[in-house]
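Colleague: Right, I'll just put the structure down here and ask away after.
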Amino acid sequence: MNVDHRFTQTQKRYAADDLETMSEARHYQAHVFGLVRPYIGSHVLEVGCGIGTMTTQLLDHAQRVVCIEPNLNCATRAREALAGYDRVTIRIAHLEESPRAELQQQKFDTVVCVNVLEHIEDDVRALALFKDVVAGAAGHVLIFVPAIQALYSQHDAALGHYRRYSKRTLRDAFAAAGLDVVAMRYTNPIGLLGWMYNLYISGNTEPTSSQVRLFDRLVAPWALPVERLIPPPMGLSLFAVGRARVSTA
């Protein structure tokens, strides 16, 4: 049975377990990081760090990473995973609770937001905050979200998603927030088949461990490198890079 978690997602006890399942997808995680890697600066704000899967990779390249994570269960696991790093700070808070002026003072040059924007009801407001955070450093806002609104279902609501995105809707949200699009592309077209299988056949809200392992061992090693050479016309996810719009006045 699907339960709408859009308004209770930060209290969802098993959110960290879901992320543990996805962390098993080594090839997929490396692929996602490969998309964001060219735009990572030295001072990074990671919005929604989950259990720290992306954070450990960011710390291999950035001098400092500040994480905002509202789910206590996830943040606790992230702190355990990142206990050996002294260049990371984890704040247990909602994005809306983080003062804009304080974040701006920290002079971040990169905002990383992977599979999080779809969980925020007012996504334009969040993007506008990201724009202000990196504007002084002429930095980048890196967004990774689920794609194809036509696939939005009770499964998405159960995951805490308010929406899925197309290039047009994400571009419109960027524009409304004062962000110029530097790059945008769909990714993981094969994953669409798995999502549709769960949506229309199995009824699973989350990918199972066996599905994740099967995809990562048999599909990801060849499918993901191919799409780096031939960008797909659609995919399960959408990746975009934004930069604060420069005023011409």
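The values are calculated or read from the model by the stated rules, or taken from the named source; none is laboratory data. Not measured: the values here are computed from a predicted model. Counting neighbours? That spans all protein chains shown, and the Cβs are built from the backbone with ideal geometry, glycine included.
Colleague: For the range 64-91, enumerate the residues that are touching a strand residue (DSSP E or B) at 6+ places or on another chain (Cβ under 9 Å), of a type in the set (D, E, K, R) and farther than 10 Å from ILE51 by Cα.
Modeller: ARG64, ARG87, ARG91
Colleague: Could you count how many residues in the range 107-125 are surrounded by 13 or more Cβ atoms within 10 Å (Cβ to Cβ) and in contact (Cβ under 8 Å) with a residue 60 or more places away in the chain?
Modeller: Qualifying residue count, the range 107-125: 11.
Colleague: Counting residues that are within 15 Å of TYR152 (Cα to Cα) and modelled with pLDDT of 70 or more, which helices (runs of 4 or more DSSP H) fully inside the range 189-249 reach at least 1?
Modeller: 189-197
Colleague: Working only within the range 58-80, note down all residues that are in contact with a Lys or Arg (Cβ under 8 Å, 6 or more places away or on another chain) and closer than 23 Å to HIS31 by Cβ.
Modeller: Scanning the range 58-80 gives LEU59, HIS61, ALA62, VAL65, CYS67, GLU69.
Colleague: Going by what's in this entry, would ALA150 be described as surrounded by fewer than 21 Cβ atoms within 10 Å (Cβ to Cβ) and outside any loop (DSSP other than H, G, I, E, B)?
Modeller: Yes.
Colleague: Take the range 81-100 and flag every residue that is of a type in the set (Val, Ile, Thr) and outside any loop (DSSP other than H, G, I, E, B).
Modeller: If the condition is that a residue be of a type in the set (Val, Ile, Thr) and outside any loop (DSSP other than H, G, I, E, B), then VAL88, THR89, ILE90 are the ones that fit.
Colleague: Within the range 132-159, which residues are within 16 Å of the chain's Cα centre (by Cα) and under 17 Å from VAL241 (Cβ atoms)?
Modeller: Matches in the range 132-159: HIS140, VAL141, LEU142, ILE143, PHE144, VAL145, ALA147.
Colleague: Could you please find all residues in the range 23-70 being out of contact with any His (no Cβ under 7 Å at 6 or more places or on another chain) and assigned to a strand (DSSP E or B)?
Modeller: Passing the criteria: HIS43, VAL44, LEU45, GLU46, VAL47, VAL65, VAL66, CYS67, ILE68.
Colleague: Follow-up question, since we're still on this one. Determine if the range 94-112 includes at least one residue that is under 30 Å from TYR197 (Cα atoms), in contact with a His (Cβ under 8 Å, 6 or more places away or on another chain) and among the hydroxyl-bearing types (Ser, Thr, Tyr).
Modeller: no
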